[in-house]
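What follows is a short report on a single structure.
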Protein chains: 2
Amino acid sequence: MRVSRAQADENRQTVINVASRLFREHGFDGIGLKDLMAGAGMTQGAFYKQFESKDDLAAQASQRSLENALGRWTTAAASKPEDPLLAVIDFYLSLGHCADKADGCPMVALGSDAARHGPDVRATFESGIRGYVDMLGGWMAPDGNGADSKAMAVLSTMVGAVLLARAVNDEQMSKSFLQAAAASVVTQTSTNATPVGPRQ
Amino acid sequence: MRVSRAQADENRQTVINVASRLFREHGFDGIGLKDLMAGAGMTQGAFYKQFESKDDLAAQASQRSLENALGRWTTAAASKPEDPLLAVIDFYLSLGHCADKADGCPMVALGSDAARHGPDVRATFESGIRGYVDMLGGWMAPDGNGADSKAMAVLSTMVGAVLLARAVNDEQMSKSFLQAAAASVVTQTSTNATPVGPRQ
DNA sequence: ATTATCTATAGATCTATAGATAATGC
DNA sequence: ATTATCTATAGATCTATAGATAATGC
């Protein structure tokens, strides 16, 4: 029954990866340890040799998803060096992103949950969120309201738009939130205000 | 043991009011029927004579909190008719609002949860959210990207900022998100860009 | 000898239902 | 007679722990 230390480490990573998806999909309180472990191909009994508590896993899985999602931002940005922000907006403010909670932005999927949880989870979100602010900040000129003010406003707009787009049934309304946010971000960040184009 | 029909109706309203607070505080999955009913001074057994299911209560409590919170917007707006948006921003983008989840904005407190729940809850959020968009839309000129585009972007920014402000431990960072959002909203909506003032 | 995982279980809690009780409504 | 609420409970699930097992690591 025992596996090698390397295999055990790998199993642990798998659990974190599975949890990072399932927590985003069902919330911290919406999925149990049994299902989390089963998703990693193990039984519940192995859990407490790997993690201190469910909250411990919540913090680690949050970090994993925040890092992964930021990685997707980096990839998108690299694909369009002349306008990285637009590349990010393009996938972030999309119906595809709205539909894919498990692989989507953890700030949107777990933001309400994080606010209710312990300082460990919030510490993870705090440093994760700083990463997004820093990346955005590198793409825009400061606006005289503090170094990261513009980046923080843009991140708020993006996160809020996807949150609201996911909270409604009407797909047209979802699309409107995404487009409105995109137009707003583009207007706010481009000095020579780029035209935003017709409604899709 | 039986109470009058009027009393039963009143009890039902109390349950909805209690649930509208406790759901915002703990999430739909973070509080049980026993505690919800206890908060209204009753036992769990009475629940299913009043509601079809927990999801039914979730939808009704969501509606109640969306209406109540919009009422607070109306009150704030009425207190400053020359600049209602500023009056709303003033309390919405505040640390006080961040600290008061149970009485605060349900889009922030339950947005992530709503996205995971059934069409009933989402239908409630949808019509609730339209109320906020409509109110905001009345306070700003359209921007050529569709009738409600600006209002939707502003709402996204406000909701996102409070969501992120609540997800971090560092109070200074929370404040920065709130101030950044306020500056962004003011800049976006005022044609003769109102100065935003020094950092608090 | 140690230990990663397993099965099994404790003890609490969850949603939902059943049946008893006592007051209302007719 | 009806019914709003109560107590009690079914049956499932939850987090966490205990002890067994079998393979690793020394």
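A:Asp55 meets the conditions (1) surrounded by 18 or more Cβ atoms within 10 Å (Cβ to Cβ); (2) closer than 23 Å to B:Gly111 by Cα in every case but one. The failed one is (1). Check the range B:142-153 and report whether any residue there is in contact (Cβ under 8 Å) with a residue 12 or more places away in the chain and either in a loop (DSSP other than H, G, I, E, B) or farther than 30 Å from A:Asp100 by Cα (or both). Yes, the range B:142-153 contains at least one residue that is in contact (Cβ under 8 Å) with a residue 12 or more places away in the chain and either in a loop (DSSP other than H, G, I, E, B) or farther than 30 Å from A:Asp100 by Cα (or both). Test B:Gly111 against the stated conditions and say whether it is under 20 Å from A:His117 (Cα atoms), surrounded by 15 or more Cβ atoms within 10 Å (Cβ to Cβ) and within 14 Å of another protein chain (Cβ to nearest Cβ). Yes, satisfied.
Each row is one residue, and each column tells you yes or no for (1) more than 9 Å from DNA strand C (Cβ to nearest atom); (2) under 14 Å from A:Asn68 (Cβ atoms).
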| site | (1), (2) |
| --- | --- |
| A:Arg12 | no, no |
| A:Asn17 | yes, yes |
| A:Arg21 | yes, yes |
| A:Gly30 | yes, no |
| A:Asp35 | yes, no |
| A:Gly39 | yes, no |
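So, in the range B:22-33, of the ones that are over 23 Å from B:Ala6 (Cα atoms) and part of a helix (DSSP H, G or I), which residue ends up nearest to DNA strand D (Cβ to nearest atom)? Ranking the candidates gives B:His26 first. Of all residues being more than 14 Å from chain A (Cβ to nearest Cβ) and more than 9 Å from DNA strand C (Cβ to nearest atom) in the range B:44-64, which is nearest to B:Gln7 (Cα to Cα)? Just the residue, please. Out of the qualifying residues, it is B:Gln50. Looking at this structure, is B:Thr124 of a type in the set (S, T, N, Q), more than 30 Å from B:Val186 (Cβ to Cβ) and more than 16 Å from DNA strand D (Cβ to nearest atom)? It is true that B:Thr124 is of a type in the set (S, T, N, Q), more than 30 Å from B:Val186 (Cβ to Cβ) and more than 16 Å from DNA strand D (Cβ to nearest atom).
Condition check ((1) modelled with pLDDT under 95; (2) buried (at least 16 other Cβ atoms within 10 Å of the Cβ)) across all residues:
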position	(1), (2)
B:Asp90	no, no
B:Ala123	no, yes
B:Ala141	yes, no
B:Ala153	no, yes
B:Gln200	yes, no
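Checking A:Pro84, A:Pro106, A:Pro142 one by one, the residue that is more than 9 Å from chain B (Cβ to nearest Cβ) and under 14 Å from the mean Cα position of the chain (by Cα) is A:Pro106 and no other. Pairing residues of the range B:36-50 that are touching a residue at least 12 places away in the same chain (Cβ under 8 Å) with residues that are exposed (fewer than 13 other Cβ atoms within 10 Å of the Cβ), at Cβ distances under 7 Å and at least 6 apart in sequence or on separate chains, gives B:Met37/B:Thr43. Scanning the range A:159-181 for residues that are within 7 Å of chain B (Cβ to nearest Cβ) and either within 14 Å of B:Met158 (Cα to Cα) or of a type in the set (A, V, I, L, M) (or both) returns A:Val159, A:Gly160, A:Ala161, A:Leu163, A:Leu164, A:Ala167, A:Val168, A:Met173, A:Phe177, A:Ala180, A:Ala181. Taking the listed residues A:Met173, A:Met158, the one that is surrounded by fewer than 24 Cβ atoms within 10 Å (Cβ to Cβ) and aliphatic (A, V, I, L, M) is A:Met173, with no other qualifying.
Restricting B:Ile89, B:Ile16 to those that are touching a residue at least 24 places away in the same chain (Cβ under 8 Å) and more than 14 Å from DNA strand D (Cβ to nearest atom) reduces the list to B:Ile89.
The values are calculated or read from the model by the stated rules, or taken from the named source; none is laboratory data. Worth saying up front: this structure is predicted, and the values here are computed from it rather than measured. No Cβ is skipped: glycine too gets one built from the backbone with ideal geometry, and neighbour counts run over all protein chains shown.
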